[in-house]
Amino acid sequence: MRIVVDEKLCELHGQCVFLAADLFEIIDDELVYKETLEPEQLERAQKAVKHCPQLAIRIVD
Amino acid sequence: MSIEADHPVSDGPGCPFGHGADTQTLLTEDALKNPFPIYQALREERPVAYMEDQGFWLITRYDDCDFVLSHPELFSSREAVSSTNAYRNSPEAMAILKRSKAQPRARTLIMADPPEHGRYRTVLQRALSPARTIRELTPRMVAIIDELIDGFCERGACEFVREFAYPLPMRVVAAILDVPDGEIDTLKTWSDDFISVQAGNIPPDRAVSSARHTLEFEEFVLAKLQDRRDHPKPDFMGCLVEEIPGEAPLTAPELVNICLQVLVGGNETTTNFLGSALYRLLTTPGLIDGLCQDPSRIPDLVEEILRADSPLQGLFRIAVEDHDFNGTIVPKGAKLMMCFGSANRDEKYYGDGEFDPVRDNRETMHLAFGQGIHACAGQGFARREAVLALTRLLERLPDISLDETQPAARQNLFGIRGMKELHIRFAPSPVQSGLPAAPAQSTAPGVRGA
């Protein structure tokens, strides 16, 4: 499973960083994230997907 | 326990609502100040309760609120705020509004459904982009915060709501809408009127002046936008009129309505949040000392205050079709209020639901900003504003305390949580204006006495 972020939509609200700090990070006003998802990270990633105010995050197989 | 819609339950001992549930129970002075015991009883006994007097369904469980927010195709936002025409009883006010270039009012954003909603949201998100606007406005926010503290720091005491919680968001919104400093009082008048109009309860004697203010606001917004068309500038107002290839430009009523929602949405909610936040700080033993030692805890604490004291306790939707909530049928066309204030204290996710300064809100994200396509577009802004304000207050007034001689007063409006009056004391300290702006987010340990 992979995380996909639509960078055109992302506005750095930072909710994903709050909810899943092991997957997302904001460095110098840019969102950096782990693309490959370990099974134990899935739940946190799903929270980030759900609570992204821009609906910019997806999880794909 | 689930409740059948056509089999009203007998009055449980803990349930404040009998067969004829109505909002009166929620409107007593006690309930307005502390609605949480009633929410709790509703979650247990009647999680989807019909309020007969007001004709809407009150949704109190987290999962149900979450479901409604996540399904805009089943629950329309067309009447998310009041749908009543607040001017219906004043022909004179109606006549004034006829001269408007931006009436009839457009239903954008919070009042719009897909696909139209997406168009407004895209424009707003570009214009209110945290990535750009927040970054650019952060130094301005810090300067405003310091100026406000300068207004009372030498006195050793102040009324926090009037002198800080109210003017801060007003001035930040003024900066967003590019309202000059000298016009802040005008903006305040406009904002107060719009809140009354949205609530549908403008007093008759204020209807005419309020209609005039509506026109003034429209003229201000349209002139400002025309200026940006003539002299493009990459600020909020400039972004609203920037041409997007392949998209029709927004109309005057749409643009005015978007600006109005920014004005109303960014203002009172933040005022109420700041009042609740400071009250929590002042009434939780050891909390201020802890935050002064470690200001990096402030962002997490902001989330907990948003959860426990959600400034906006609920919003409305209209059921697009019959919907079955665990046996309770909410019929097509019915109005529902998602009670965020209750959802955010649901025992399924939050234990006893009480304020807990070290609670980790990553487990279940609160719904204070809503969720899904209508999630608050200004939430990045609001968080930044809250963290900056609390950080700076504690840096400059680390010995802040409640003024016990003047009792604090809660807001007593349904659907709103905040403070009406909050008197504080602290050791007098010198003004700081003219000094270089403080760093945006101090992470220096031991800010006490800084």
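Tabulated values for the structure
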| quantity | calculated |
| --- | --- |
| Residue tally, condition of a type outside the set (Ser, Thr, Tyr), modelled with pLDDT of 80 or more and surrounded by fewer than 18 Cβ atoms within 10 Å (Cβ to Cβ), over region B:189-205 | 1 |
| Any chance B:Arg383 is basic (Lys, Arg), under 21 Å from the mean Cα position of the chain (by Cα) and either within 14 Å of chain A (Cβ to nearest Cβ) or assigned to a loop (DSSP other than H, G, I, E, B) (or both) | yes |
| Candidates B:Ala211, B:Ala223, B:Ala174, filtered to the one that is free of Cβ contacts under 8 Å to residues at least 60 places away in the same chain, in a helix (DSSP H, G or I) and in contact with a Leu (Cβ under 9 Å, 6 or more places away or on another chain) | B:Ala174 |
| Filter result (of a type in the set (Gly, Ala, Ser) and in contact with a Pro (Cβ under 7 Å, 6 or more places away or on another chain)) within region B:85-123 | B:Ser90, B:Ala102, B:Ala106 |
| Test: residue in region B:16-23 that is surrounded by 15 or more Cβ atoms within 10 Å (Cβ to Cβ), assigned to a helix (DSSP H, G or I) and at pLDDT below 85 | yes |
| Among the candidates B:Pro139, B:Pro115, B:Pro169, residue that is of a type outside the set (A, V, I, L, M), surrounded by fewer than 15 Cβ atoms within 10 Å (Cβ to Cβ) and touching a residue at least 12 places away in the same chain (Cβ under 8 Å) | B:Pro139 |
| When residues of region A:2-46 are limited to those that are surrounded by 20 or more Cβ atoms within 10 Å (Cβ to Cβ) and under 23 Å from B:Asp63 (Cα atoms), the one nearest to the other protein chains (Cβ to nearest Cβ) | A:Leu19 |
| Residue within region B:69-85 that is within 14 Å of chain A (Cβ to nearest Cβ) and crowded, with 17+ Cβ neighbours inside 10 Å present | yes |
| Lone qualifier among B:Pro430, B:Pro398 - being buried (at least 16 other Cβ atoms within 10 Å of the Cβ), over 14 Å from the mean Cα position of the chain (by Cα) and away from chain A (no Cβ under 14 Å) | B:Pro398 |
| Qualifying residue in region B:77-95 (condition: within 21 Å of the chain's Cα centre (by Cα) and at pLDDT 90 or above) | yes |
| Single residue of region B:60-76 satisfying the filter (part of a helix (DSSP H, G or I) and aromatic (Phe, Trp, Tyr)) that is nearest to the chain's Cα centre (by Cα) | B:Tyr62 |
| Extreme residue, modelled with the highest pLDDT, among residues of region B:137-171 that are among the small types (Gly, Ala, Ser) and assigned to a helix (DSSP H, G or I) | B:Ala165 |
| Per-region count, region B:340-370, residues on the phi < 0 side of the Ramachandran plot and either within 14 Å of chain A (Cβ to nearest Cβ) or surrounded by 19 or more Cβ atoms within 10 Å (Cβ to Cβ) (or both) | 20 |
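The values are calculated or read from the model by the stated rules, or taken from the named source; none is laboratory data. Just so it is clear, the structure is predicted and the values come from calculations on it, not from any experiment. So basically every Cβ, Gly included, is an ideal-geometry build from the backbone, and we count neighbours across all protein chains shown.
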